[in-house]
Ligand code: GLC
C-alpha cells in the first residue's frame, strides 16, 4: 500500500513551525521570563532558584558526582584541579530499568528501592571504602524547589517517572537515609543541582562567556545566569542560576498528535514543550502520525528517538535501512517511495523540535540583553538529541539566524558532554567552599 502523499503533506504542515510562529514563540518565552522574574506564579516557567552562580575556575578537591535524571544513573569520582582542569578517576553506571529484572521508575516502584539502588552504585564508586570521607554533589534532573544548595524538594516527576514517595520530599535526605542503611556514613551529600545547571557550571568552569545551560536529551530544559538576584545563601559569582524548567513552557500551539499524546501521558497538562521536542517523546509522536498514514490511527507503534535518528541517517535512494526498521517495528513492507515519505515525516518532527528549542534560547538571550546589545556567548548544551540526532545542529543554527539576523554570529551552541557529572563535582566544591 502506497502512503497517501496528500495526507502526509497535511501532517507535515501540522508539524511545521514557520518563521512567524518561531518569532512568536521566542517573544512569548521572553515575556514569560519577564513575568516569572516578577512572580513565578504569573509564568509557565518555574524559574527555580539554584542558589549557585558561576564557578571561579579555582575549585579544587576530589568529589563524588551522582547523576540521576534519565534512563541511566551514573556515579563518578572527579578530581578538580583548578584552572578549569579536572580528572575523572572512576565512573560507574547502570540503567534504572532492566526489562524482566527490575524497574525503579515505573508505576509500583518506591523511593526506598530507588535510593537503595543509588547507594549500591555509590558503594561501587568508592570501592566499598566505608572510612574515607567523601563529599557528594548530586545532579538531580527534575523540578525541585530549593532553599539552599543542599535542600531540594522534588515538586513533580517529569519524563514519565512514577516512583512513589519522592514527590514532595527532600531528595538528599532520601539519599542520606539510603547511604546510612548501607553503612556509607562517610559519604556526605552536600549539593543538589539540575542537569542544566550542571552543564552551565561545567562549561563556565572551562570557558568564559557562557551564561545559558541546556539539556536536549530524554528531557529538554534550560537554565541561565540571572545577574539581578543576590541572596545570602547563594554561592559562586555573577548572580544566581535559575532553572527555568522550560519543558513546562505552555505558550505553544500543540497539534492534535501532541494533544492526544498529552492526554494519555503520566502527567497530562504538564511539560507541554518537552512533549513536543525531547527524545522521550519524538518516537511516540512519529509512531502516532505514521499509524495514521497506514490507516491505523490509534494503533500503538513503538518507535524511539534512536529509530528516528537511524531513519534520518538513511539518505540512500532505495531507503533500505528505513524499510528494515519499519518491517522490524510494525511488520509492514514499504518500498523506496514510501521510505522517502517516512523520512520526510521524521524530518518534520525533528526540525520542529530544533526550532522550538532555539526559540527558547533566543527568548533567554533577548531577556539577558534587555535593551542593550547581545553579548558574544556560548550556549552550553548536553544531551543525545543535540549530540547525535541528524538535522538538529543545522536547524538550530538556521533558526538562530532567522531570529537574530547578523547578531547570530555572536552566539554559538557548544557541546558539553559529561557536564552533568563534572557540574555536580563543581557544585560540591562550591558548597564546601573549596574555591579560593
Ligand atoms: C525534564 C526535567 C528537568 C530536566 C530536563 C532534562 O525537563 O523536568 O529538570 O532538566 O528534563 O533532563
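The values are calculated or read from the model by the stated rules, or taken from the named source; none is laboratory data. Here the structure is a predicted model, which is why all the values come from computation and not from measurement. Positions of Cβ are generated from backbone atoms using ideal geometry, with glycine treated the same way; all protein chains shown enter the neighbour counts.
Confirm whether residue 403 is more than 28 Å from residue 72 (Cβ to Cβ) and either in contact with a strand residue (DSSP E or B) (Cβ under 6 Å, 6 or more places away or on another chain) or buried (at least 16 other Cβ atoms within 10 Å of the Cβ) (or both). Before you say what the answer is, go through the steps one by one.
Details: more than 28 Å from residue 72 (Cβ to Cβ): yes; either in contact with a strand residue (DSSP E or B) (Cβ under 6 Å, 6 or more places away or on another chain) or buried (at least 16 other Cβ atoms within 10 Å of the Cβ) (or both): yes.
Yes, satisfied.
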Just one of (1) touching a strand residue (DSSP E or B) at 6+ places or on another chain (Cβ under 6 Å); (2) not in a helix (DSSP H, G or I) trips up residue 433, so point out which. (1)
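Which one is farthest from the ligand (Cβ to nearest atom) among residues in the range 114-132 that are under 29 Å from residue 49 (Cα atoms) and in contact with a strand residue (DSSP E or B) (Cβ under 7 Å, 6 or more places away or on another chain)?
Step one: list which residues in the range 114-132 are under 29 Å from residue 49 (Cα atoms), which gives 114-119, 121-122.
If we keep only those that are in contact with a strand residue (DSSP E or B) (Cβ under 7 Å, 6 or more places away or on another chain) as well, we get 118, 121-122.
Details: 118: 17, 121: 19, 122: 20 Å.
Out of the qualifying residues, it is 122.
Let's see how each residue does on (1) surrounded by fewer than 19 Cβ atoms within 10 Å (Cβ to Cβ); (2) at pLDDT 95 or above; (3) closer than 24 Å to residue 245 by Cα; (4) in contact with a helix residue (DSSP H, G or I) (Cβ under 7 Å, 6 or more places away or on another chain):
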position: 119; (1), (2), (3), (4): no, yes, no, yes
position: 131; (1), (2), (3), (4): yes, yes, no, no
position: 146; (1), (2), (3), (4): no, yes, yes, no
position: 151; (1), (2), (3), (4): yes, yes, yes, no
position: 165; (1), (2), (3), (4): yes, yes, yes, yes
position: 180; (1), (2), (3), (4): yes, yes, no, no
The condition from (1) within 16 Å of the ligand (Cβ to nearest atom); (2) farther than 21 Å from residue 51 by Cβ that residue 215 misses is numbered (2)
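Among the residues of the range 39-50, count how many are out of contact with any helix residue (DSSP H, G or I) (no Cβ under 7 Å at 6 or more places or on another chain) and at pLDDT 95 or above.
Residues in the range 39-50 being out of contact with any helix residue (DSSP H, G or I) (no Cβ under 7 Å at 6 or more places or on another chain) and at pLDDT 95 or above: 2 in total.
Find the helices (runs of 4 or more DSSP H) located wholly in the range 255-294 whose residues include 1 or more that are crowded, with 18+ Cβ neighbours inside 10 Å and within 14 Å of the ligand (Cβ to nearest atom), and list them. Lay out the reasoning, then the answer.
Values: elements: 256-263, 272-277, 279-293.
Answer list for the range 255-294: 272-277, 279-293.
With the structure loaded, tell me whether residue 245 is touching a residue at least 40 places away in the same chain (Cβ under 8 Å), within 16 Å of the ligand (Cβ to nearest atom) and over 24 Å from residue 62 (Cβ atoms) or whether it fails that test. Quick ask: steps written out before the conclusion?
Working: touching a residue at least 40 places away in the same chain (Cβ under 8 Å): yes; within 16 Å of the ligand (Cβ to nearest atom): yes; over 24 Å from residue 62 (Cβ atoms): yes.
Considered against the rule, which asks whether it is touching a residue at least 40 places away in the same chain (Cβ under 8 Å), within 16 Å of the ligand (Cβ to nearest atom) and over 24 Å from residue 62 (Cβ atoms), residue 245 comes out as yes.
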Looking only at the range 316-323, decide whether some residue is touching a residue at least 12 places away in the same chain (Cβ under 8 Å) and within 28 Å of the chain's Cα centre (by Cα). yes
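Looking at 265, 278, which is the one that is on the phi < 0 side of the Ramachandran plot and either in contact with a strand residue (DSSP E or B) (Cβ under 8 Å, 6 or more places away or on another chain) or free of Cβ contacts under 8 Å to residues at least 40 places away in the same chain (or both)? Quick ask: steps written out before the conclusion?
Working: 265 fails: either in contact with a strand residue (DSSP E or B) (Cβ under 8 Å, 6 or more places away or on another chain) or free of Cβ contacts under 8 Å to residues at least 40 places away in the same chain (or both).
Among 265, 278, only 278 is on the phi < 0 side of the Ramachandran plot and either in contact with a strand residue (DSSP E or B) (Cβ under 8 Å, 6 or more places away or on another chain) or free of Cβ contacts under 8 Å to residues at least 40 places away in the same chain (or both).
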Only listed residue being crowded, with 21+ Cβ neighbours inside 10 Å, more than 15 Å from residue 143 (Cα to Cα) and within 16 Å of the ligand (Cβ to nearest atom), chosen from 203, 198: 203
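Confirm whether residue 353 is under 23 Å from residue 249 (Cα atoms), surrounded by fewer than 20 Cβ atoms within 10 Å (Cβ to Cβ), within 21 Å of the chain's Cα centre (by Cα) and within 16 Å of the ligand (Cβ to nearest atom). Walk me through how you get there before you give the answer.
Working: under 23 Å from residue 249 (Cα atoms): yes; surrounded by fewer than 20 Cβ atoms within 10 Å (Cβ to Cβ): no; within 21 Å of the chain's Cα centre (by Cα): yes; within 16 Å of the ligand (Cβ to nearest atom): yes.
So residue 353 does not fit the description; no.
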